[in-house]
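See structure below.
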Amino acid sequence: MCGIIGYAGKHGAKDILLDGLKRLEYRGYDSAGVALFEGNELRTIRAVGTLDALVRKVGPLDLKGTVGIGHTRWATHGGITEDNAHPHRSSDGKISLVHNGVVENFAAIRTFLLSQGYQFSSETDSEVLANLIAYHYQRDGKSRGKNRFLESVRRALLHVQGTYGIAALCLERPQEMVGARNSSPLVLGIGDGECYLSSDAGGFAARTKDVVFLSDGELVWTNGAEFSLTNLGQERLVAKRQELNWDPIAGERNGYSHFMLKEIFEQPQALENAMRGRFSSDGSTAHFGGLAMTPRELRQVERIVLCACGTAYYACLTAEYFIETMARIPVEVEYASEFRYRNAPMDRHTLVLVVSQSGETLDTLEAMREARRKGFRVLAITNGIGSSIAREADGGIYQHAGPEIGVAATKSFTSQLCILAMLALYLGRLRDMSFDEGVQIVEVLKAIPAQAMEVLLQNEAILHIAERHSRCRDMLFLGRQALFPIALEGALKLKEVSYVHAEGHAAAEMKHGPIALITPDCPAFFLACDDFILGKTVSNIHEIRARGGTIIAVVTRGSNIPNEIVDDPIWIPRAHAVAKPILATIPLQLFACHMGILRGCDVDKPRNLAKSVTVE
Ligand code: F6R
């Protein structure tokens, strides 16, 4: 949420900042801006709208400065205007700053700064931060000599309640850049005589792989050639440098019209990556290197609480079926935002597992912190290598799905389902699942990438179905058992990227209310591929047809659903119950993506949304 990029070095900052912002645009796209030094002058250029608007303004300018910061915004405080866009400048002109997060006590700080003669031209909490740093720079900085800028940032942050990832420049220190983080990610990139700052290593990964992930309460100072890491307590820290395992090409569209489409098609590979090296040599179970729990400890787990937000929450709902069926351990699934504020009764045999693609979702991070504060062991499943959740969890599993740039989660969801199914298998085998059943599940899982490929072959047919329904205003998604959360995910995907009103329900529940929505203009999208209670699902289909509803359905190839009751069938291969939620998801993603494109929506950057929600 909001993208930050900063550069201090020897090359022209303009192109580096614009390129970084392009790669970070998925984090916010209300407005964007850059500030960079031209000699001893600090220029700020901002524009409302997507990054293209900024590129049109900045592109033609001959700017040679080698130090600068940039930002792409997802509005929290203040409307979407140029004044509210970042970078913000202190009213004395000395400090320029980009900020991701929320300053909770901004009103009190603003009142104080007004009394000190500082002025404000925006409605944002971030401008308050720029002025607060300027205040400290002016007031008590003089005695600080060479560290004056860094010290003024540190002193300002001591007064801040809330969250921040920042990058700041100082007019009187044209070579220097300072960054800091508290609950909003910030990564330092180290190049040859140059340094980068970004809210996401993707902002500079094409230029350097040598990185330091900042922790909360840490500040970084750099003049390009050198950098230092300190904390709010002024202690000097040893930077833990890491090599980024990142393929910059994976962050490109590679000929696809949209990242969302590309990422849907990457699912067979992402599923392979989720499983690679994670099956036992006897082929009867899964194993994970990073769980940091012994089989004995895992056998003592009597209850699992799964916590996540959005699509990742639906992955957890599906996992409830996987874990309870395969491992017979009771599971509860909680929205992270709810869990963190309620004292859910848990005992010492409860294991908490959080799931987050980005590893930076603030509610999930805080839910994890609260569980850990209470003394519970917390495991994490995340795609965010080096993310806050990955670093703070007691143990966990990386998804290795590759960067997901489309704002709507696609490949990360099926990868989470796959890993959760493997975890259920592992826990099951540690308990009472037989060797033979374990072998069968391993074979089922291994077959999924090829089956996913088969489903993707129906892209064209799904496009035609979307064409037939692209004008509808409402849609119901209906499924049973482990396909019920997939119906919820199908509805979320359609809403997000096409703005069609959609609701997901357990199929039998639709008689208790949602069926009132059915008209010829409100199709019902059934997940009718569950062998177990297919007869009941067929009855639900008849009930909707009897009221004039149109039926789109994901159906198992060769199943005996009468042809005449489904208007638009989409076939998935015959598969085990564990594989079905993954395979049935793919048509829903393709359908939503095509509906969005046909309706003229930007499916990669849906309105009002941003990838990685780092505010509460
Ligand atoms: C929906 C979507 C969101 C995320 C949610 C959690 O398509 O992408 O609902 O799933 O914001 O994000 P992560 O998984 O990064 O914690």
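In whole angstrom, how far apart do the alpha carbon centroids of the range 144-183 and the range 270-316 sit?
Taking the Cα centre of each part, the range 144-183 and the range 270-316 sit 40 Å apart.
Give me the percent of the accessible area of the range 105-256 that comes from carbon and sulfur atoms, probe 1.4 Å, all protein chains in place.
Reported share for carbon and sulfur atoms: 47 percent.
Based on the alpha carbons, how large is the Rg to Rh ratio for the chain when Rh follows Kirkwood?
Taking Rh as the inverse mean 1/r over Cα pairs, Rg/Rh reads 1.00.
Mind checking which aspartates and glutamates have their Cα closer than 20 Å to the Cα of K580? Skip sequence neighbours fewer than 8 apart in that chain.
E263, E266, E272, E320, E324, E437, E443, E454, E489, D530, D531, D568
Give, as a single signed number, the net charge of other residues whose beta carbon lies under 12 Å from the beta carbon of V500, with Lys and Arg counted +1 and Asp and Glu -1.
Residues close to V500 contribute a combined charge of +1.
Once Rh is set to the Kirkwood radius over Cα pairs, what Stokes-Einstein translational diffusion coefficient, in µm²/s, holds for the range 457-616 at a temperature of 25 °C and a viscosity of 0.890 mPa s?
In µm²/s, the coefficient rounds to 157.
Give the average over all directions of the projected area of the C-alpha convex hull of the range 253-454, one decimal, in nm².
Reported value for the Cα convex hull: 10.9 nm².
If you line up the long axis of helix 13-24 against the longest principal axis of the chain, both from Cα atoms, how many degrees apart are they, to the nearest 10?
20
At 1.4 Å probe size, with the rest of the protein present, what percent of the exposed accessible area of the range 516-565 is carbon and sulfur atoms?
52
Need the full-extension length gain, L114 to N231, defined as separation in residues times 0.36 nm minus the C-alpha distance. One decimal, nm.
Full-extension gain reported as 39.3 nm.
Separation of the range 323-339 and the range 57-120 by C-alpha centroid, Å?
Using only Cα atoms, the two centres lie 42 Å from each other.
Need the C-alpha centroid separation for the range 433-450 versus the range 550-592, integer Å.
Distance between centres, Cα-based: 22 Å.
Sorted by average packing, counted as other Cβ atoms within 10 angstrom per residue and highest first, what order do 466-479, 161-174, 282-295 take?
Ranking, from highest mean packing down: 161-174, 466-479, 282-295.
Sum up the lysine pairs in the range 357-511 that clear both bars: alpha-carbon distance under 26 Å and a spacing of 8 or more or different chains.
Eligible lysine pairs with Cα atoms under 26 Å apart amount to 5.
For G33, what is the net charge nearby, where nearby means another residue's Cβ is under 10 Å from its Cβ and Lys, Arg count +1, Asp, Glu -1?
Around G33, the charge tally is +2.
With only alpha-carbon atoms counted, please give the Rg and Dmax of the range 359-400, in Å.
Considering the range 359-400 through its Cα atoms, Rg and Dmax are 9.4, 30 Å.
For the range 489-535, what size does the Cα cloud have along each of its three principal axes, sorted from largest down, in whole Å?
Taking max minus min along each principal axis of the Cα atoms, the range 489-535 gives 33, 21, 17 Å.
With no solvent and one equal point scatterer placed on each C-alpha of the range 20-121, evaluate the Debye formula and give log10 I(q)/I(0) for q = 0.12, 0.13, 0.20, 0.22 Å⁻¹, two decimals.
Taken in order of the listed q values, log10 I(q)/I(0) reads -0.42, -0.49, -1.06, -1.22.
If you roll a 1.4 angstrom probe over the protein chains with everything in place, what fraction of the accessible area of the range 332-424 belongs to carbon and sulfur, to the nearest %?
46
Hey, what number do you get for the chain at 222 nm if only DSSP H runs of n ≥ 4 count, each worth -39500 (n - 2.57), divided across all residues, to the nearest 500?
It comes out at -10500 deg cm²/dmol, rounded to the nearest 500.
Run the reach check for K64 against lysines, Cα to Cα strictly under 28 Å, same-chain hits fewer than 8 apart removed. What comes back?
Of all the lysines, those that pass the test against K64 - Cα under 28 Å, at least 8 places apart if same chain - are K10, K14, K22, K94, K146, K209.
Once you have the alpha carbon radius of gyration of the range 3-246, what is it after dividing by 2.2 N^0.38 Å, with N set to its residue count?
This ratio for the range 3-246 stands at 0.90.
Report the extension gain between I533 and E443 in nm, rounded to one decimal, defined as 0.36 nm multiplied by the number of residues separating them, less their alpha carbon distance.
Stretched out fully, the I533 to E443 stretch lengthens by 30.0 nm.
Give the Rg (one decimal place) followed by the Dmax (whole number) of the range 372-523, computed from C-alpha coordinates and expressed in Å.
19.1, 54
Counting only heavy atoms of protein chains, what accessible area per residue, in Å², does the chain have with a probe of 1.4 Å?
Ligands and nucleic acids excluded, the result is 37 Å² per residue.
The values are calculated or read from the model by the stated rules, or taken from the named source; none is laboratory data. This one's a predicted model, so the numbers in the text were calculated from it and none came from an experiment. Here the Cβ is made from the backbone with ideal geometry for all residues, glycine too, and neighbour counts use every protein chain on show. Heavy atoms of the whole protein, side chains included, go into the accessibility calculation; ligands, DNA and RNA do not. Shrake-Rupley method; radii C 1.70, N 1.55, O 1.52, S 1.80 Å.
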